[in-house]
2 protein chains.
Amino acid sequence: MSRMLIGVDWGTSSLRVARIDRPGDASEERAVPNGILSVPPGGFPAALADVCGDWLRNRDALVLVCGMAGSQQGWVEAPYCACPAGFADVAAHLKWVEPGRIAIVPGMRCEHDGMPDVMRGEETQVFGALSLLAMSDATLVLPGTHSKWVQVSDGRIERFSTFMTGEFFALLRRHSILARTMAVETAEDALDEHAFSDGVHYAMHTGNLLAAAFSTRTRSLFGQLDAGAAPSYLSGLVIGEELRSLQLSPNAGPVVIIANEALTHRYEVALSLLDVRSRSIGSEATWRGLGAIARHLENAQ
Amino acid sequence: MSRMLIGVDWGTSSLRVARIDRPGDASEERAVPNGILSVPPGGFPAALADVCGDWLRNRDALVLVCGMAGSQQGWVEAPYCACPAGFADVAAHLKWVEPGRIAIVPGMRCEHDGMPDVMRGEETQVFGALSLLAMSDATLVLPGTHSKWVQVSDGRIERFSTFMTGEFFALLRRHSILARTMAVETAEDALDEHAFSDGVHYAMHTGNLLAAAFSTRTRSLFGQLDAGAAPSYLSGLVIGEELRSLQLSPNAGPVVIIANEALTHRYEVALSLLDVRSRSIGSEATWRGLGAIARHLENAQ
């Protein structure tokens with residue numbers, strides 16, 4: 001019988017843990033808002049015990065941690081794996097906090113014309129998604145604060161690019177002059193699909209977000225966009241801007257979207273406007289990726 | 001002898017007044033931070049008297065107001081003049097607050113493929129600059145929170161475009177994750193010209209600010225950009241992004257920059273990187289524009 005696997009997805013602003021069965025399904029999951037920025041130096045073991053101390057009492061359990069916990073500001077720094085790299089490369093570069101018991105999955109780095117790009121946590125989701133979908137060649141998008149587009153060939157992550165789409169949206173939604181003509185923000189702004197599509201099209205047409213964004217204000221001034229629809233229009237503008245420069249082909253395979261339901265829906269709509277097919281995977285991709293690493297470790301023994 | 005002219009440039013966050021001689025030079029100038037957002041409804045006459053009540057005691061003075069004072073949230077709304085429009089069109093559509101004594105200069109509007117764009121105050125600076133430079137055909141840029149690019153043919157403003165360049169910079173500089181790897185903001189961040197130029201080039205090369213902006217973080221992470229230079233690099237990124245889509249030609253006439261010294265310098269450097277010539281005019285353009293309107297009114301009588 002295999003060891004108990006505790007999966008930990010420790011990001012900047014949240015901490016999720018799961019007991020993971022083989023081949024990588026969560027049998028129990030917990031989430032708390034204790035992201036790495038809220039943990040004092042040296043406080044990582046205690047913060048983890050706070051959320052799953054009962055599981056950790058099993059001294060035979062394997063604990064695999066992915067995400068920003070491996071950054072300079074995290075638990076222990078896990079140096080980036082350089083692209084191109086496959087699943088086995090990442091598994092071979094685990095950073096062991098407690099040898100044989102607790103390990104941090106390294107993030108990845110790549111370069112575009114000498115400019116570095118990085119990710120931490122997304123590599124685990126990508127390998128999990130590939131495992132779930134039984135794919136070894138794919139274009140994947142992981143939307144969010146910093147959206148990642150990842151190109152996989154023959155099971156290896158060849159390259160990826162970061163777009164600050166979610167962060168730009170939040171800055172413009174909350175702190176810019178555009179916020180003045182928008183309805184008050186709710187926990188999850190409802191999507192006005194028509195306004196969203198208008199935004200996607202206008203961003204593609206304009207080709208410059210600095211200019212396109214101002215249309216949110218002028219269309220509001222001239223009664224072409226009401227306060228309730230404006231956040232959806234702005235969301236369409238930033239997601240359209242992200243898609244604009246990717247030169248996605250309707251003839252290529254489907255883009256794999258890894259995100260929560262609300263974001264997945266937005267990207268499905270935006271991609272369909274460009275006649276690009278998509279399929280989607282939720283947060284289970286992380287646990288599936290950690291499960292695959294655990295199996296790899298067991299098989300290597 | 002002509003009437004005394006009091007010029008008022010009333011923006012969102014500041015109020016500048018000047019006594020203007022013919023042909024349009026300020027003989028005395030005052031500035032206070034009482035922008036229109038700080039003025040209570042009905043409080044505009046008192047707010048103006050606070051800063052130049054002594055001048056207003058001259059009941060024969062002509063008071064010309066430009067800027068956001070003519071907006072819905074301002075003193076009295078002055079409906080936009082539609083492009084294309086020349087100096088005489090704007091002068092003919094003054095909104096009189098006190099007939100013959102106090103007037104607000106209307107802003108302008110234009111359309112790009114059915115999408116409206118607007119400006120208030122910049123039209124006066126443009127007409128002032130044309131008068132100062134004795135030009136009737138020009139491409140002008142008025143950098144700032146909302147940067148305006150204005151195309152003038154035969155003395156008429158044919159079209160213009162707004163870029164939210166200054167606002168994006170401030171949002172990213174202060175509120176984004178990029179702020180964490182930057183030196184503390186000072187009243188006027190000193191320009192690191194090398195980092196600024198790198199930013200301009202990288203924005204032009206990348207073609208998408210959502211992606212290019214993240215390089216500020218990754219270059220900092222990998223020791224390629226220090227905290228003191230990062231704000232200049234980011235400034236180069238946003239200004240480069242503005243210039244990217246304008247398709248400026250080195251063979252066209254010089255771009256006329258209307259701005260304060262610090263911003264003028266940044267645009268001069270950025271344009272020179274694209275081999276585009278420039279010439280510049282400072283804030284005197286506003287007074288010159290109001291002076292020209294006053295002369296026009298006198299000649300029309």
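Would you please name the residue that is farthest from the chain's Cα centre (by Cα), looking only at residues in region A:221-234 that are facing chain B (nearest Cβ under 10 Å) and surrounded by 15 or more Cβ atoms within 10 Å (Cβ to Cβ)?
A:Leu221
I'd like the full set of residues that are at pLDDT below 95, among the β-branched types (Val, Ile, Thr) and closer than 21 Å to B:Val256 by Cα, limited to region B:138-195.
B:Thr145
What's the total number of residues in region B:274-287 that are surrounded by fewer than 24 Cβ atoms within 10 Å (Cβ to Cβ) and outside any strand (DSSP E or B)?
To start, the set of residues in region B:274-287 that are surrounded by fewer than 24 Cβ atoms within 10 Å (Cβ to Cβ) comprises B:274-284.
Cutting the leftovers down to outside any strand (DSSP E or B) gives us B:274-277, B:282-284.
Final tally of qualifying residues: 7.
I'd like to verify a number: residues in region B:66-102 that are at negative phi and touching a Phe, Trp or Tyr at 6+ places or on another chain (Cβ under 6 Å), how many? Write out each step before concluding.
Narrowing region B:66-102 to residues at negative phi: B:66, B:68-99, B:101-102.
After this cut, where a residue has to be touching a Phe, Trp or Tyr at 6+ places or on another chain (Cβ under 6 Å) as well, the list is B:69, B:75, B:87.
Summing the residues that are at negative phi and touching a Phe, Trp or Tyr at 6+ places or on another chain (Cβ under 6 Å) in region B:66-102 gives 3.
Looking at region A:235-249, can you tell me whether even one residue there is within 8 Å of chain B (Cβ to nearest Cβ) and either surrounded by fewer than 17 Cβ atoms within 10 Å (Cβ to Cβ) or modelled with pLDDT under 95 (or both)?
Checked against the condition, which is being within 8 Å of chain B (Cβ to nearest Cβ) and either surrounded by fewer than 17 Cβ atoms within 10 Å (Cβ to Cβ) or modelled with pLDDT under 95 (or both), region A:235-249 yields at least one hit.
Among the residues of region B:114-127, write down those that are within 14 Å of another protein chain (Cβ to nearest Cβ) and under 15 Å from B:Val90 (Cβ atoms).
Step one: of region B:114-127, the residues within 14 Å of another protein chain (Cβ to nearest Cβ) are B:114-120, B:122.
B:Val118, B:Met119, B:Arg120, B:Glu122, listed by residue number.
May I ask you to verify whether B:Glu268 is under 24 Å from B:Arg120 (Cβ atoms) and either in contact with a Lys or Arg (Cβ under 9 Å, 6 or more places away or on another chain) or not assigned by the TED database to the domain that holds B:Glu122 (or both)?
Numbers: under 24 Å from B:Arg120 (Cβ atoms): no; either in contact with a Lys or Arg (Cβ under 9 Å, 6 or more places away or on another chain) or not assigned by the TED database to the domain that holds B:Glu122 (or both): yes.
No; evaluated as a whole, the condition is false for this residue.
Go through A:Arg173, A:Arg159 for me and flag whichever is within 13 Å of another protein chain (Cβ to nearest Cβ) and in a helix (DSSP H, G or I). Give the steps one after another, and end with the answer.
On the way: A:Arg159 fails: in a helix (DSSP H, G or I).
A:Arg173 is the lone residue from the list that is within 13 Å of another protein chain (Cβ to nearest Cβ) and in a helix (DSSP H, G or I).
With the checklist (1) more than 20 Å from the chain's Cα centre (by Cα); (2) closer than 15 Å to A:Met108 by Cα in hand, flag the one item A:Ala78 doesn't pass.
(1)
Scan region B:102-120 residue by residue and report those that are of a type outside the set (A, V, I, L, M) and more than 13 Å from B:Ile293 (Cα to Cα). Break it down into steps so the answer makes sense when it comes.
First, the residues of region B:102-120 that are of a type outside the set (A, V, I, L, M): B:106-107, B:109-114, B:116-117, B:120.
Listed by number, the residues that qualify are B:Gly107, B:Arg109, B:Cys110, B:Glu111, B:His112, B:Asp113, B:Gly114, B:Pro116, B:Asp117, B:Arg120.
Taking A:Gly166 as meeting all but one of (1) assigned to a helix (DSSP H, G or I); (2) within 14 Å of another protein chain (Cβ to nearest Cβ); (3) buried (at least 21 other Cβ atoms within 10 Å of the Cβ), write down the number of the exception.
Condition not satisfied by A:Gly166: (3).
Out of B:Leu140, B:Leu130, which single residue is away from chain A (no Cβ under 14 Å), free of Cβ contacts under 8 Å to residues at least 60 places away in the same chain, outside any loop (DSSP other than H, G, I, E, B) and within 23 Å of B:Leu271 (Cα to Cα)?
Of B:Leu140, B:Leu130, the one residue that is away from chain A (no Cβ under 14 Å), free of Cβ contacts under 8 Å to residues at least 60 places away in the same chain, outside any loop (DSSP other than H, G, I, E, B) and within 23 Å of B:Leu271 (Cα to Cα) is B:Leu130.
Give the number of residues within region B:250-272 that are part of a strand (DSSP E or B) and more than 18 Å from the chain's Cα centre (by Cα). Working first, answer last.
Let us first name the residues in region B:250-272 that are part of a strand (DSSP E or B), namely B:255-258.
Remaining after also requiring more than 18 Å from the chain's Cα centre (by Cα): none.
Counting residues in region B:250-272 that are part of a strand (DSSP E or B) and more than 18 Å from the chain's Cα centre (by Cα) gives 0.
When only residues in region B:100-115 that are more than 18 Å from the chain's Cα centre (by Cα) and modelled with pLDDT of 95 or more count, which is surrounded by the fewest Cβ atoms within 10 Å (Cβ to Cβ)?
First pass over region B:100-115, keeping only residues more than 18 Å from the chain's Cα centre (by Cα): B:100-103, B:111-115.
With the extra rule that they be modelled with pLDDT of 95 or more, the set shrinks to B:101-103.
Details: B:Arg101: 14, B:Ile102: 23, B:Ala103: 25.
Only one residue fits best here, namely B:Arg101.
Name the residue, out of B:Asp192, B:Asp198, B:Asp154, that is surrounded by fewer than 16 Cβ atoms within 10 Å (Cβ to Cβ) and among the charged types (D, E, K, R).
Just one listed residue meets the conditions, B:Asp154.
Is it fair to say B:Arg219 is touching a Leu at 6+ places or on another chain (Cβ under 8 Å) and part of a helix (DSSP H, G or I)? Full working, then the answer.
Values: touching a Leu at 6+ places or on another chain (Cβ under 8 Å): yes; part of a helix (DSSP H, G or I): yes.
So B:Arg219 fits the description; yes.
Among the listed residues B:Ala211, B:Ala259, which satisfies the condition of being within 14 Å of another protein chain (Cβ to nearest Cβ) and of a type in the set (Gly, Ala, Ser)? Steps first, please.
Details: B:Ala259 fails: within 14 Å of another protein chain (Cβ to nearest Cβ).
Exactly one residue qualifies, and that residue is B:Ala211.
Of all residues in region A:178-189 being buried (at least 16 other Cβ atoms within 10 Å of the Cβ) and of a type in the set (A, V, I, L, M, F, W, C), which is farthest from the other protein chains (Cβ to nearest Cβ)? First the steps, then the outcome.
Of the residues in region A:178-189, the ones buried (at least 16 other Cβ atoms within 10 Å of the Cβ) are A:178-179, A:181-182, A:189.
When the remaining residues are screened for being of a type in the set (A, V, I, L, M, F, W, C), the result is A:178-179, A:182.
On the way: A:Leu178: 8, A:Ala179: 11, A:Met182: 15 Å.
Looking at residues that are buried (at least 16 other Cβ atoms within 10 Å of the Cβ) and of a type in the set (A, V, I, L, M, F, W, C), I get A:Met182.
Six or more apart or on different chains, Cβ under 7 Å: which pairs go from a residue in region B:203-226 that's more than 15 Å from B:Glu242 (Cβ to Cβ) to one that's among the basic types (Lys, Arg)? Could you list them?
Within 7 Å, the pairs are B:Leu225/B:Arg219.
The values are calculated or read from the model by the stated rules, or taken from the named source; none is laboratory data. Keep in mind that this is a model prediction, so the values were computed, not measured. No Cβ is skipped: glycine too gets one built from the backbone with ideal geometry, and neighbour counts run over all protein chains shown.
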